1. Which of the numbered conditions does Leu375 fail, given that it passes all the others? Conditions: (1) in a strand (DSSP E or B); (2) closer than 30 Å to Met488 by Cα.
2. Surrounded by fewer than 20 Cβ atoms within 10 Å (Cβ to Cβ) and over 19 Å from Asp209 (Cβ atoms): is that true of Arg248 in this structure?
3. Within segment 451-503, track down each residue that is without any contact (Cβ under 8 Å) to a residue 24 or more places away in the chain and either in contact with a strand residue (DSSP E or B) (Cβ under 6 Å, 6 or more places away or on another chain) or aromatic (Phe, Trp, Tyr) (or both).
4. Is it fair to say Ala304 is over 30 Å from Leu462 (Cβ atoms), in the same structural domain as Asp354 (by TED's automatic domain parsing) and either part of a helix (DSSP H, G or I) or under 25 Å from the mean Cα position of the chain (by Cα) (or both)?
5. Considering segment 536-585 alone, what residues qualify as being assigned to a helix (DSSP H, G or I), at pLDDT 90 or above and either surrounded by 20 or more Cβ atoms within 10 Å (Cβ to Cβ) or among the small types (Gly, Ala, Ser) (or both)?
6. Cβ contacts < 6 Å: first residue under 12 Å from Ala541 (Cβ atoms), restricted to segment 572-599; second residue of a type in the set (S, T, N, Q) and modelled with pLDDT of 95 or more, any location; separation 6+ or different chain. Result?
Amino acid sequence: MRWIAVIALLFVSSGSVSAAEPPPLEAFAEFDDISSVDISPNGDRLVMLAGTDHGNRFALVHALSTGESKPIPLGEGFVMGVSWLSDVFIQVVFADRRMVDAGDDRTDVRRTLILNVDTVEYYELSSYAEIVSIVPERPDEIIVELPVLRDDRNTMAANLSNEDAIGFTTGIFRHQLGDRRSRRRIDIGNQDTSYYRLGTSHEPVIRVDFDDESYEIDVYARLGDTHRWTHIHDEKLTIERYGRRGKRYLGTISNVLGMDRNGREAWFWQRVDDNRTVLRTIDLETRELTDRVIASPVADVYTALIDWRDNAVIGASWHEGEPNIVYFDPEFAELHATLEQMFPDDEVSLSSWDLAFNRVVVYIEGDTTPGDYYLLDRGEGAMSLIASRRRGLGPEHVNPVEVVHYTARDGLEIMAYLTLPRDRDPSDLPLVVMPHGGPEARDYFGFDEWSQLLASYGYAVLQPQFRGSDGFGRDFVRLGHGEFGGKMVADVADGALALVERGIVAPDRICIWGWSYGGYQALANPAMFPDLYRCAIAGAAVSDLPSMMRYAETRHDGAAVDYWSEYITDWRVNRDHLIDISPTTHAARIEAPILLIHGTDDLIVPYQQAEAMAEALRAAGKPYELVAIEDGVHHSYRMTYDQKLQLYRALIGFLQRHNPPD
């Protein structure tokens, strides 16, 4: 393969502020200038999500053959992404900020628009429909899966009561792009069908049925050229209960992900020894599991990489600390290895490619960039810069991130991400500990907006993956059960102490900041370890657990209560425990000044939680500030530009007053 060192700007200029001072807060508050870059099947056009100074988004369509660009305004809704469905149509996925009634609840709305980029005509796809494939051989057609009403009362269906004979099932259909009402049936499942998976010919080849009364799963396959479903696997799933209503279904086959390119094996998730998740295959003809297994000794392998051209699983990715990617397909593997040699200090991903696999969009992120999109032309051996994700943040503003490990006080090893200010000696630094939300979640290696913001202003940032975090196997998650306000909190403090012991951080220059469960940590830590922290910033934080559980019980049938119960135990039975681990209970123990930040339209953790903590601190005579983000919702990535700017001004201003970086 020929490579030419051509780094040419295609059509978006990249500028940044001087490195002599931190970038302005506005540079972090802005939406990504460019994201979701996708190349059309014929390789002639790019589409990407682009933004204006204050967050209004548009789809930018760029013709590579003529150099012409066409912006298509998308309005003020929160756009999750854009991608090609053909050489003419794109899909635009929204998660609207407006709310609608859903019973007694209000909830966000997700919707998909089908848009003709030539005529700018569009229509909304059914909210229940999931696009599962585009069809290169029929360029104006897509395959969708959606629930349908099935009536078997007057058919030959065996031994069905009237109750079982009518109900919703899953169907798979052809949809003609441009025709809102188009829907041609490919297959309709029975009363237990959960989902389908397509083969390399874009026809359904796997069907998975699940009986939610007997907890039995059945997997069917279409073998060879037949359209007849052949039963290849069945098992009774084990039920893992949590809370009073929650259930997890565990079995040999957890979720079929897709077909291997050999057309004979299907890839699926499997939890090994009830701990870590792996990817492996089943041979559809022999009906036996194969020895092809993708596994990590420390992390769950969740993500299958799919080639849109034939729906084949071509690789897998996971995060042990830094990202790991493996390709099964030799052509993809060779290309990815070559790109890693070109960008040895950055993480490389193949974002999209055309039908001929000639033009490939490559995304680069790491210590040298907050994110750059390149266009690789394999035939020409040329690589061009399409655009930078953040034009206001140049390479000189990206702070290095490293993976560190430390030992908690009970001997458990904890992994963490450490971001260091790039122009400072890594000794006796001021530290901001930044625990993630969830708590069954995790952070990832790469450009993190909050970490980079804080490091740009002179702070080291530690993101500990405390016990209970996701991604490291169920055993690690279970270590957090019952430790919501105990060992999980101590794990975070132990991370700060480890950096002090290593001389990286000054012992009297430590603050903590977090959002959601991270906000709870930011209140519980200075209450549990009052001599450790100089200040604390709690965003969207739970502070009064009994009232929080009463609120959560009223929403979405109390599903959140079941989830939280694993970490805090049954709140109805152990009310005294909830009171004991509530930061409001221990406000008098806190010595550090506290900043509370909360959105007034937060439906996950209501604003009243911030008010309760403010009242507890006031009654205890402790210094605090309360910043209300008007109309702010819970998930910070859904904030508007103005809301983010308000948050960042409050955060940096508070830190500079109470823990100056110099």
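1. Evaluating Leu375 over (1) in a strand (DSSP E or B); (2) closer than 30 Å to Met488 by Cα leaves (2) as the failure.
2. It is false that Arg248 is surrounded by fewer than 20 Cβ atoms within 10 Å (Cβ to Cβ) and over 19 Å from Asp209 (Cβ atoms).
3. Phe476, Val500
4. No, not satisfied.
5. Leu545, Ser547, Met548, Met549, Leu578, Pro583, Thr584 - these are the residues of segment 536-585 that are assigned to a helix (DSSP H, G or I), at pLDDT 90 or above and either surrounded by 20 or more Cβ atoms within 10 Å (Cβ to Cβ) or among the small types (Gly, Ala, Ser) (or both).
6. Final answer for the pair search is Pro583/Ser543; Thr584/Ser543.
For every residue, the table says whether it meets (1) within 20 Å of Tyr637 (Cβ to Cβ); (2) part of a helix (DSSP H, G or I); (3) within 19 Å of the chain's Cα centre (by Cα).
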position	(1), (2), (3)
Asp423	no, no, no
Pro430	no, no, no
Tyr444	yes, no, yes
Phe447	yes, no, yes
Trp450	yes, yes, yes
Gly458	no, no, no
Leu462	no, no, no
Ser469	yes, no, yes
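Yes/no per residue for (1) of a type in the set (Asp, Glu); (2) without any contact (Cβ under 8 Å) to a residue 12 or more places away in the chain; (3) within 25 Å of Ile537 (Cβ to Cβ):
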residue: Asp377; (1), (2), (3): yes, no, no
residue: Gly394; (1), (2), (3): no, no, no
residue: His405; (1), (2), (3): no, yes, no
residue: Gly411; (1), (2), (3): no, yes, no
residue: Met434; (1), (2), (3): no, no, yes
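The values are calculated or read from the model by the stated rules, or taken from the named source; none is laboratory data. Everything numeric here is computed off the predicted structure, so don't read it as measured data. Positions of Cβ are backbone-derived with ideal geometry, glycine not excepted, and every protein chain shown enters the neighbour counts.
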